[in-house]
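The values are calculated or read from the model by the stated rules, or taken from the named source; none is laboratory data. Here the structure is a predicted model, which is why all the values come from computation and not from measurement. Quick reminder, even Gly has a Cβ in these numbers, built from the backbone with ideal geometry, and neighbours come from all protein chains shown. The protein model used for the area step is the full one, side chains on, heavy atoms only, and it has no ligands, DNA or RNA in it. Shrake-Rupley method; radii C 1.70, N 1.55, O 1.52, S 1.80 Å.
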Amino acid sequence: MNELYDSLLDTPTLAVALTLAAYLGGVALFERMGRPSWCPAVLIGAVFTAAGLWLLRYDFADYQRNVAWLTLLLGPATVALAVPLYQQRQHIFALWKPILCSLPLAAVLAAFYAVLIAWLLGAPPAVLASLAPKSVTAPLAMGIQEQIGGSLSLMLGGLLITGVLTTIFVSLLARLLNITDQRILGFALGVNGHAIGIVRAFELGPKAGAFASLGMSLVGVFSALFLPLAWKLFGS
């Protein structure tokens, strides 16, 4: 029995099965809870995965290695977001000026305030580097993290927390400010909440989903180009 278990630990079978089971369980519980914005399915799935690793005494390094090919699928999934962008291209072209004007400021602030708060609290450079790409979609954020350093696990945790908080606060501010335009809400969710924000945006409607996809893509490209450069210039 132990030999069978050890062989499963050395192959992707157990890791992939655990990941899929955690995701499906997260989706089921999310639906049963009434689809709350404060607790998305991906967060529930992450908790289930962590619990499964602990119960199975599955080393995280082994798990990460065995699900590497699933991580590679993040790239094609991100590229597939071009479909809603194409479908809503007329609405996007009509707002290209405000989009280009707001994008650099939004991308800079998304990285700056997290790094500033961590620095004021005395965090070491590795933590600062891990938090800087917290608003960038995972495939690009991992590439940025390789260039500026930091912890991959901490960075992914920051991505998850950022996405969850974005869905909460964008919904809250939309109600307080009486904002109902799907284009504005979608763009805000995509710029700040990456893939988790996009999931929430598509729940609002296809137009919101397209603008969220645009916001996430533009912030990702902008951050991938300028964040490593800024990190070197400021000597972090």
From the protein chains alone at 1.4 Å, what is the descending order of accessible area for Cys39, Cys101, largest first?
Cys101, Cys39
When only the heavy atoms of the protein chains count and the probe is 1.4 Å, how do Leu185, Leu121, Leu24 rank by accessible area, highest first?
Leu121, Leu24, Leu185
What the 5 Å binned alpha carbon P(r) of region 166-231 shows, as percent of pairs per bin from 0, is 4, 22, 27, 21, 12, 8, 5, 2
Taking 1 over the mean of 1/r across every pair of different Cα atoms in the chain, what Kirkwood radius in Å do you get?
18.9
Under the rule rounded for a/c under 1.5, else prolate if a/b exceeds b/c, else oblate, using alpha carbon gyration tensor axes a ≥ b ≥ c, region 23-136 is classed as oblate
Farthest toward positive dipole pole in region 129-236 [+1 Lys/Arg, -1 Asp/Glu at C-beta], among Leu172, Gly143, Ala230
Leu172
Extending each Cα 7 Å along its Cβ direction at Arg175 and Leu56, get the distance between those two points in nm, one decimal.
3.9
Ellipsoid semi-axes in whole angstrom, largest first, where each is sqrt(5λ) of the Cα gyration tensor of region 140-199:
27, 11, 7
Using a/c under 1.5 as the rounded threshold, could you call region 31-73 rounded, prolate or oblate? The axes a ≥ b ≥ c are square roots of the C-alpha gyration tensor eigenvalues, and prolate needs a/b larger than b/c, oblate otherwise.
oblate
Leaving ligands, DNA and RNA out of it, report the carbon-plus-sulfur percent of the accessible area of region 1-137 at a 1.4 Å probe.
73
Heavy-atom SASA rank of Lys97, Lys134 (probe 1.4 Å, accessible area, largest first):
Lys97, Lys134
Can you work out the Karplus-derived ³J(HN,Hα) for every residue in region 213-219? Use 6.51 cos²θ - 1.76 cosθ + 1.60 with θ = phi - 60°, whole Hz, and x for glycine or proline.
4, 5, x, 5, 5, 5, 5
Given the whole protein assembly as supplied and a 1.4 Å probe, what does the accessible area of Phe169 come to in Å², nearest 10?
110
Can you tell me the 0 to 90 degree angle between the C-alpha axis of helix 96-120 and the longest principal axis of the chain, rounded to 10?
50
³J(HN,Hα) across region 12-23 via Karplus (A = 6.51, B = -1.76, C = 1.60, θ = phi - 60°), whole Hz, x for Gly/Pro?
x, 4, 5, 5, 5, 4, 5, 5, 5, 5, 5, 5
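How much accessible area per residue does the chain have, counting only protein heavy atoms and a probe of 1.4 Å, in square angstrom?
Computed with neighbouring chains in place, this is 57 Å² per residue.
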Would you mind working out the magnitude of the charge dipole of the chain relative to its Cα centre, with +1 at each Lys and Arg C-beta and -1 at each Asp and Glu C-beta, to the nearest 20 Debye?
900
Tilt of helix 41-56 relative to the longest C-alpha principal axis of the chain, in degrees (0 to 90, nearest 10)?
20
Could you derive backbone 3J(HN,Hα) for region 173-188 from the dihedral phi with the Karplus parameters 6.51, -1.76 and 1.60 (θ = phi - 60°), listing whole Hz in sequence and x where the residue is Gly or Pro?
5, 4, 5, 5, 9, 6, 9, 10, 5, 5, 5, 5, 5, x, 5, 5
Expressed in nm to one decimal, what extension gain is obtained for the pair Ala21 and Ser153 from 0.36 nm per residue of sequence separation less their Cα-Cα distance?
45.4 nm
Quick note, region 116-225: a/c under 1.5 would make it rounded; otherwise a/b > b/c is prolate and the rest oblate (a ≥ b ≥ c, C-alpha gyration tensor); here it is prolate
Whole angstrom only: what separates the Cα centroid of region 158-196 from the Cα centroid of region 201-236?
14
How much accessible area does Arg65 have with a 1.4 Å probe, in Å² rounded to the nearest 10?
130
When the Cα centres of region 108-155 and region 29-51 are compared, how far apart do they sit, in Å?
25
